Each structure stands twice: as structure tokens, then as C-alpha cells.
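K.L.:
My questions will all concern the structure given below.
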Amino acid sequence: MKKFLAIALCLVMVLALCACKTGNNGKDNNDKIKVGVILVGDENEGYTAAHIEGFKEAMKNVGISEDQVTWKYVIHENAECYDTASDLVEAGCKIIFSNSYGHQSYMVQAAQENPGVVFCPATGDTANVCGLPNVVNLFPYTYESRYVSGVVAGMKLKELMDNGTVTDPYIGYVGAYPYAEVVSGYTAFFLGIRSIVPEAHMDVMYTSSWFDLNKENETAKALMARGCVIIGQHADSTGAPSAVEAALAEGKVAYSVGYNIDMLKVAPTAALTSAQNNWSVLYTNVLRDFLDGKTMQHDYTAGYNDNGVMISALGSSCAPGTAEKVEEVIAGIKAGTLHVFDINTFTVGGQKMESYVFDFSTMNADYTAVQYEGQKIETISDGYFHESVYRSAPYFDLRIDGITELTDTSN
Amino acid sequence: MIHISKRVDFTLFKGKAAGLNRYVGWGVRLIAVLLSLVVSGLIIFAITRLNPLKVYGVMANGVFGTPRRTWAWLRDLALLLCISVGLAPAFKMRFWNIGAEGQVLVGGLATAACMIFLGGSSIPSVPLLILMAFAAMAAGAAWGVVPAVFKARWNTNETLFTLMMNYIAIQLTLFFIPKWEHPKGSNTVGLINAVTNRGWITPIVSADAISKMDQNAWTTQLIRNTVGQSYFINVLIVAAITVGMYFYLCRSKHGYEIAVVGQSENTARYAAMNVKKVIIRSMTLSGAICGLGGFLAVAGADHTISTATAGGRGFVAIIVAWLARFNTFVMVLISAMLVFLEKGAIAIASEFSLSNDVSNIITGIILLFILGSEFFINYEIKFSKRSGKGA
């Protein structure tokens, strides 16, 4: 009977706390709020390390102490995630975060059963359409920092072409999967390069993994063998930069642009910069709204204007004038005078894109019916594609001219 | 100085600890568990300066602290037990089936395929679940029977064969994931039928029905915590298989044949048993039960498919089956302990902000002691007075 009593008590407490929430007047309740964080890895894994760092920063910003936070490390993307989320609810957490895309559906499952708790699957894409008020997605404007890292690469490419070292402005990109997030990222990177070197062209090769040191290394080598002189990446390991560094040491002309972490440690001469996310901004915004008792938005985003994204320190191999150019581009993005997906800078199938209606509905398992009904929205207006505006997760999935996908694992 | 000799094996087919009185055997194992707890306690204290008793308390609370946690424990226990029970006929036959991982995976694949492609059909839920279960068993049986046929006909090495079949199963899963991925490009299948819950094992009595009952009645609470739980069915299915397998192995003609083939194929042949038939039949059964494990994992817990669906349980189950000496009731105890350790480890890691590796150390120590205790159960150590040549 004790257990039943415990459940009953838990329910009463949950309901009582739900009732409290509306009357939550900010800081007074901060020290009572419990927060859960579900992580796909631990501090030894770059992607999760960036999230942990960002979250700790956010805790400082909003005044949440370490003992209010329950960390759950190495939680797999299966029923374990649902168990963990339900467990955190039972432990009294009122807001629960998860950091991997695959956690999302389990978080939504738990959100359905616990309307009094806010669930925040980071990098997820269904908060807006699943019809639950207590689901929140967060995703920074990574495409902005990708574009800027492309500008850095473009400056280098221009230098190499001006001094005659390189005649073919050929770029290679090590991608994880043909997923909208990756497509959006490599297109932004490419447009950044093309803003400096208009005749540049790029090949994308997929590794079918978010993190595979050897495969990323081999893919980078394969791209260099095809004649690529700049290697970009959307995969989480240091495999590609170290391959480029080795090739450079052997006398090949090749430079690397990384992602997530500073690559100068593994590629001191080959690494130009890395596109990075500053997760603390998004975590701070979500936590602040929650603590202030505001109605939660479904999507939280932040770009250069809010310090949500950045590039890592420029490497010593960067072309002269890069830092100034980067300043100028960032200022343009911030001022809204420069748009990454400006329709005058790219074509699809030889045509300028004047209109692109994106259907935000999600489909059922065999893609025969709609699962969550979403809006159909015109994403191009005012002369540019509005990325991450109608949903935080990227949805730019156009294949633009000048980029060739070499392997397509989806077929 | 010291003689080590195998204890005389009196009881061949009963699955008892050979030689030693079985109660003494269990006593030795109990002492091993207690000793391992003491040693882990010392190591916990040395590394983390935490009170070991408190750590064990957190483990227990992490596993049994709430009814939901207890049910999650029962669910994982049922899955591990199902696979272990599936391995029992193969191992008792001395057929080293290292392929449970793959058999679970193809069972899961078959289940997921049914959920994806029949989820939108008009088949009612219960027949759909039964169909899924049979599809999973057929897939698992197919994975198990291939090495068995090769072993029976050409005497191939089943250890390598079944091991390699795991890799084929993993590659097959990797092949289907991009085909079934949801959403496109994400390379994960995601929660299948998240909205309709088609093909999910759901509680016998739904939450809605329970909410309409008299909330104060003890019967309502009983229903909520038994048939109102979706994992209740998982537990029920595995309990039935466990009991059934016990009687199959110990009381049936088939079970006797398995034991004889396991001890000596020549004896079996001399007794006019069809050894090939026994091998193929037992491995079909073994694979089918492991395949059903895949069904439980996909329809009854994860509702998705990935290469991690089997999660190494196919290998852990080998330890369970081996430690239990193919006695399915003993397997219940051992899987219960292993799942407790696994879940408890996660609880301490999160409570004390330790890396999961620390808790894996504890699990490792406990397993080492238990496996080590088998040595003392199987072998006698005699101290002789002669010196010199004796050792």
C-alpha cells in the first residue's frame, strides 16, 4: 500500500506544483525548481561537451545551482530515454532537456503523460506541430556561422588562385547524412565561399554517421584525391582535419574548415576555423522564460545577433584580410543587410527560386498519411529564404546548382 | 603442495552444480556475491570517498524507488530472461549459440516491418500483435536454423557461424534503417506509430478504464499496478516461456534428447536418436524464442528499431544461461541481479555525478566474483603434505 500512497502523494504534489507555476514570480522560486538534463554522451564526447558547457553557463546566468540539476549521461535513443524522462518527472523536475535528435519522440511521449512538466528536446522539430503546449525545441542559426566559415575558406581559396597555386576552385564536404540540417549547413558554407570566389564548385560525400573518426578521415582523403582543396565538414570528429593536415604536410594543397570544436589542436596549419554553436544562449532563454512563468514558445533560436553562433579562432594559414572580411560579414548579418540564403546568389536547376512552399506536416511510419498536421508556408519572401524562422530546426532542403552529392545513402 | 582436481560429476542431466551438494554450491555463490559487495564497497570508498552503504541504497532506490522504476526493471528483466531461456536448449545441447544478438535483431526487424507496413491497415490490434510475434519468431528461427543445418550436415563450427550471423543481422538493420527512416534523412526510424500506437503492446486495462473505476478501492490500485501496466504482458509472456522451457528441458523426450546429444553425440546415436534432427529442431526453437525477444524489445519497449535494439543482451544472456546451468528458474534470479546492477549503476552515476564507468567497475567486480566462485564449485583444492612434485 505504501507504493500506492506514494503515487497518490506524487500526483498531489505534481498538481500542487502545476497550480503554483502560474503564480510563479521569478527569482523567489528559482531555488526550488528542479531541472533534468538528458544527454546522449558525456563530457568525453565533443557534441555533448558543448551542451554541458552551454548549460552550466546558462545555470549561472539564471541563478540555478548545481544541486537543482539532475544530469543523466549516456542515455540511448530508445525506451531508456522515456524511462529517464519519466524518472526525472517523478524526482520532481519541472523542466527537462535532452540534447540529441533521437531523444525527441521519447520526450514527446513523456510530455503527453505529464502535461505539468516542460520538455525541451534540443535540435528537435516537432514542438510546433505535435499539439502539446509543453514541448519546446531549440536550435541555433548554425547556418550563419557556416556561412561565415565559408567566407574564411573563400578568402583562402582566392589567395591560392591569385598566386597561381590553385586553378580549379574545387571544394569537398564531409557530411553525415542527407538530412535537412546537413543540406542547410553545406549550402550556407558553399554560399559563403562563393561570395568570395563565384566560380567555386563543391562535392558532398556522406559518411552515414554523426561521429566516425576513420570514415571521416577516409572521406576527406577521397575528396582530396578528387582534387578538392578546401574540406568542410558536418560530422563531429576530428577525422577530416587530421587527414587534411597530413596531406598538407606531404606537400598537397588542402585546408580544412571544422565544426563544433576548434580544430587547431589536430590541424595546426591546415585548419582555418570551425563553425560553432553557443548553446548557453538558447538554454538561458528557455530557462529564463520558464522561471519567469512566461508562456513557453515552441521554438527557441539565436543567431549572431544574440551570440547564439560563432566561429573559432582563425588559424595561422588564413589569408591576409580574413579577420576584417569576417567582421564585415558578421556586421552585415547582424544588421539584416546580408542574408545567407539570398535568392540572387543561387539557382536550382538553372532557375532562380522565387517561391518555395514548405509543408511542415510530419508523416506516419510508412509515409502514407499525415501524422502531425503542420502548416504549408511560403519560405521565400523579401528576396531570401527564411531559414529557422517557422521552425527552429533547419528546413532548407533545396539542392542548389554548383553542389554535387556524390553518395546518397537514402536510396 | 596443492592439488586441483575436478569434482566428481554425479549428476549429469539434472543441471545441478556438479559434484558438490547443490545447497553448498548456492552457499558458495552467495558468499561470492557478499564478498564482491565488500570489495566493490572498498573500491567505491577508495575512488569516491562515498559511504558504500549509501551507494548501495541509492542503487536499490534507483531500481525499486517507484512502481514505474520497478516495472522498468521487470521489463528489462523479462527481455534478458527471454533471450537466456531461448539460449538454454542450444547450450544444453553444447551448441554454442553466440548468435542470440542477431536473432533478437532480426526478430525486432520483422516486428518493426509489421508495425510500419501494417500499422495503417484495418487488422485489429490483437491479431496484429500476434502476427508480429509470429513474424519475429519466424525471423529468429530462420537466423538460428541456418548454422544448425550447416552444423548437422557438414559439422561446421557453430561458434563462428552464429557469431558471423550477428554481423549479417546488424548490416541488414543498417540497410533497412535508411529505408524506414523517419523523418527522411535523419537515419533513425524514430518512434513507430507514435500517435496511433498501432502494434504497441498496451495495457490489458487502459488508463481511461482505470480512471472510471472507484479510485479509493484497493482493487483499482491493484489493477493499475498489474494489468494496467503495459509491461505486464511482457512479463506474462516471458513467465510462460520460462515455465514451459523448464518442463520441456527436464520432463520431455525432446529435453532428454538434447541432454544426451550435449553429453555425447555417439551415445545419442547409439541410442538411435536422430542427432541432426535434434540439433536443427533445438536451434529452431532457440532462434524463435530469441526472435520473440526482439518482438518484446520493439513492440513492448522501444517502439523503434536500431542496431542497439538488442543492446548486447544476446551476449549477456550467454552469461545468464551459463551461470544458471540451463535451469530456467535460476535464470530468473541471475537476470534479475544483472538488470538490477545495470539499472543501479545508472542510478549511482547520476546521483553522485560519476561517470558510468565507475558503476561498470562495480558490475564487473560482482560478475568476476560470481564467475570465480564457479571454480570452487567445480574443482576441489586438496592440500597434500608431500612437497616437491605434488603441484
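The values are calculated or read from the model by the stated rules, or taken from the named source; none is laboratory data. Just so we're clear, the structure is a prediction, and the values are computed from it rather than from any experiment. Here Cβ is always computed from backbone atoms with ideal geometry, including for glycine, and neighbour counts include all displayed protein chains. Heads up: the accessible areas ignore ligands, DNA and RNA and are worked out on the full protein's heavy atoms, side chains in. Shrake-Rupley method; radii C 1.70, N 1.55, O 1.52, S 1.80 Å.
K.L.:
Obtain the nm distance between the two label points defined at B:THR219 and B:ASP357 by a simple spin-label model: each point lies 7 Å from its Cα along the Cα-to-C-beta direction.
P.N.:
My value for the distance between the label points is 5.6 nm.
K.L.:
If I take R0 = 25 Å and measure r between the Cβ atoms of B:ASN266 and B:VAL149 in this structure, what FRET efficiency does the formula 1/(1 + (r/R0)^6) give, to the nearest 0.05?
P.N.:
0.75
K.L.:
Quick one: how many Å² of B:PHE329 are accessible to a 1.4 Å probe, rounded to 10?
P.N.:
Accessible surface of B:PHE329 is approximately 90 Å².
K.L.:
Here's a follow-up. How big is the equivalent ellipsoid of chain A along its three axes, where each semi-axis is √(5λ) from the Cα gyration tensor, reported in whole Å from largest to smallest?
P.N.:
Three semi-axes, in Å: 40, 22, 20.
K.L.:
How big, in percent, is the set of alpha carbon pairs in region A:156-231 lying more than 16 Å apart?
P.N.:
The share of Cα pairs beyond 16 Å in region A:156-231 comes to 51 percent.
K.L.:
Residues of region B:298-314 losing 30 Å² or more of accessible surface, assembly versus chain alone, probe 1.4 Å, please list them.
P.N.:
Going by heavy-atom accessible area, the residues of region B:298-314 that drop by at least 30 Å² are B:ASP302.
K.L.:
While we're looking at this one, here's another question. Restricting things to Cα coordinates, could you compute the convex hull volume per residue of region A:41-141 in Å³?
P.N.:
Per residue, the Cα convex hull of region A:41-141 comes to 105 Å³.
K.L.:
Which one, A:VAL62, B:TRP218, B:LEU191, projects farthest toward the positive side of the charge dipole computed for the protein assembly as shown from Cβ point charges (K/R +1, D/E -1)?
P.N.:
B:TRP218
K.L.:
Which one of B:LEU285, B:VAL38, B:ASN266 is farthest out on the positive end of the charge dipole of region B:2-383, using unit charges on Cβ (Lys, Arg +1; Asp, Glu -1) and the Cα centre as origin?
P.N.:
Ranked along the dipole, the leading option is B:ASN266.
K.L.:
Along the Cα→Cβ direction, 7 angstrom out, place labels at A:LYS334 and B:ALA46. What is the inter-label distance in nm?
P.N.:
5.5
K.L.:
Could you work out, residue by residue across A:359-365, how many beta carbons of other chains sit within 10 Å of that residue's beta carbon, and then give the average as an integer?
P.N.:
Going residue by residue through A:359-365 and averaging, the value is 5.
K.L.:
While we're on this one: For region B:2-383, give the magnitude of the charge dipole about the Cα centre (Cβ charges: +1 Lys/Arg, -1 Asp/Glu; no others), in debye to the nearest 20.
P.N.:
840
K.L.:
Which distance in nm do the two modelled labels at B:PHE376 and B:ASN197 give, with both placed 7 Å along the Cα-to-Cβ direction?
P.N.:
Taking the simple label geometry, B:PHE376 and B:ASN197 are separated by 5.0 nm.
K.L.:
Using protein chains only and a probe of 1.4 angstrom, how many square angstrom of B:ILE130 are accessible, to the nearest 10?
P.N.:
90
K.L.:
For region B:199-355, what is the accessible area per residue in Å² when the probe is 1.4 Å?
P.N.:
Ligands and nucleic acids excluded, the result is 42 Å² per residue.
K.L.:
Sort all Cα-Cα distances of region A:273-402 into consecutive 5 angstrom bins from zero, then give the percent of pairs in each bin up to the one containing the longest distance.
P.N.:
2, 8, 13, 15, 17, 18, 14, 8, 4, 2, 0
K.L.:
Return the Rg/Rh value of region A:214-320, two decimal places, where both radii are evaluated on C-alpha atoms and Rh is the Kirkwood radius.
P.N.:
In region A:214-320, Rg relative to Rh is 1.16.
K.L.:
Per residue of B:98-111, how many C-beta atoms from partner chains lie within 10 Å of its own C-beta, taken as a mean?
P.N.:
0
K.L.:
Suppose all protein chains stay in the model; what accessible area per residue would a 1.4 Å probe give for region A:330-411, in Å²?
P.N.:
I get 49 Å² per residue for region A:330-411.
K.L.:
If you build a Gaussian network model of chain B, linking Cα atoms that sit under 10 Å apart, which residue out of B:GLY102, B:GLY228, B:GLY287 swings the most?
P.N.:
It is B:GLY228.
K.L.:
Given a 1.4 Å probe and the protein chains all in place, what does the accessible area of B:HIS254 round to, in Å² to the nearest 10?
P.N.:
Spelled out: B:HIS254, probe radius 1.4 Å, area about 60 Å².
K.L.:
Quick one: work out Rg over Rh on the C-alpha atoms of chain B, Rh as Kirkwood radius.
P.N.:
Using Cα coordinates only, the ratio equals 1.01.
K.L.:
Among A:VAL108, A:TYR179, A:MET310, whose Cα sits farthest toward the positive end of the charge dipole of chain A (+1 at Cβ of Lys/Arg, -1 at Cβ of Asp/Glu, about the Cα centre)?
P.N.:
So the residue we want is A:VAL108.
K.L.:
Keeping every protein chain in place, order B:THR196, A:THR301, B:THR220 by accessible area at 1.4 Å, biggest value first, i.e. largest first.
P.N.:
So the residues, ranked largest to smallest area, are B:THR196, A:THR301, B:THR220.
K.L.:
Under 15 Å between alpha carbons, and skipping anything fewer than 8 positions from B:LYS6 in its own chain: which aspartates and glutamates qualify?
P.N.:
By straight Cα distance, B:LYS6 reaches B:GLU374, B:GLU380.
K.L.:
Under 14 Å from the 7 Å Cα→Cβ point of A:THR368, by amide nitrogen: which residues of region B:278-320?
P.N.:
Under cut-off, by backbone N: nothing.
K.L.:
Taking the radius of gyration and the Kirkwood hydrodynamic radius from Cα positions alone, what is the Rg/Rh ratio for region A:148-289, to two decimal places?
P.N.:
When Rh is taken as the Kirkwood radius, the ratio is 0.99.
K.L.:
Over chain B, with a Gaussian network built from C-alpha contacts below 10 Å, which listed residue (B:ASP302, B:ASP357, B:ASP76) shows the highest mean-square fluctuation?
P.N.:
Answer for the Gaussian network model of chain B: B:ASP357.
K.L.:
If you bin every alpha carbon distance in the protein assembly as shown into 10 Å steps from zero, what whole percent lands in each bin?
P.N.:
2, 12, 20, 22, 19, 13, 8, 3, 1, 0
K.L.:
Under a Cβ-Cβ cut-off of 13 Å, what is the net charge of the residues other than A:PHE211 that fall near it, where Lys and Arg count +1 and Asp and Glu count -1?
P.N.:
Neighbourhood net charge equals -3.
K.L.:
Show that you can apply the helix-only estimate: for the protein assembly as shown, add -39,500 (n - 2.57) for every DSSP H stretch of four or more residues, divide by all residues, and state [θ] at 222 nm to the nearest 500.
P.N.:
Mean residue ellipticity, 222 nm, calculated: -17500 deg cm²/dmol.
K.L.:
Calculate what fraction, in whole %, of the accessible area of region B:323-387 sits on carbon and sulfur atoms when a 1.4 Å probe is rolled over the protein chains.
P.N.:
The nonpolar share, carbon plus sulfur, comes to 65 percent.
K.L.:
Connecting C-alpha atoms closer than 10 Å in a GNM of chain B, tell me which of B:PHE375, B:PHE315, B:PHE295 has the biggest fluctuation.
P.N.:
B:PHE375
K.L.:
Helix A:104-113 versus the longest principal axis of chain A: what angle, 0 to 90°, nearest 10, using Cα atoms?
P.N.:
20
K.L.:
Past 31 Å, Cα to Cα, is the threshold; run A:LYS34/B:LYS54; A:LYS156/A:LYS265; A:LYS294/B:LYS179; A:LYS56/A:LYS221; A:LYS158/B:LYS179 against it and keep the listed order.
P.N.:
A:LYS294/B:LYS179; A:LYS56/A:LYS221; A:LYS158/B:LYS179
K.L.:
If the cut-off is 18 Å between C-alpha atoms, which aspartates and glutamates fall inside it for A:LYS325, apart from same-chain ones fewer than 8 positions away?
P.N.:
The qualifying aspartates and glutamates are A:GLU144, A:GLU159, A:ASP162.
K.L.:
Here's a follow-up. Any idea what the dipole of chain A comes to, in debye rounded to 20, about its Cα centre with Lys/Arg Cβ at +1 and Asp/Glu Cβ at -1?
P.N.:
Taking the Cα centre of chain A as origin, the dipole is about 680 debye.
K.L.:
A further question follows. Taking the Cβ-Cβ separation of B:PHE134 and B:LYS277 as r and a Förster radius of 30 Å, what is the calculated FRET efficiency to the nearest 0.05?
P.N.:
Efficiency, rounded to the nearest 0.05: 0.85.
K.L.:
If you don't mind, another one. Using a 1.4 angstrom probe on heavy atoms only, work out the carbon and sulfur share of the accessible area of region A:79-184 in %.
P.N.:
For region A:79-184, the apolar C and S fraction of the accessible surface comes to 48 percent.
K.L.:
At a probe radius of 1.4 Å, figure out the B/A buried accessible area, summed over both chains, and give it in Å² to the nearest 100.
P.N.:
3200
K.L.:
Shifting gears a bit: Taking each residue of B:63-71 in turn, how many C-beta atoms of other protein chains fall within 10 Å of its C-beta, and what is the average?
P.N.:
Mean partner shielding for this stretch: 4.
K.L.:
Could you tell me whether region B:292-350 comes out rounded, prolate or oblate from its Cα gyration tensor? Rule is a ≥ b ≥ c as square roots of the eigenvalues, rounded for a/c under 1.5, then prolate if a/b exceeds b/c, otherwise oblate.
P.N.:
Because a/c hits 1.5 or more and a/b fails to exceed b/c, region B:292-350 counts as oblate.
K.L.:
Could you tell me whether region A:331-401 comes out rounded, prolate or oblate from its Cα gyration tensor? Rule is a ≥ b ≥ c as square roots of the eigenvalues, rounded for a/c under 1.5, then prolate if a/b exceeds b/c, otherwise oblate.
P.N.:
Cα axes put region A:331-401 in the prolate bin.
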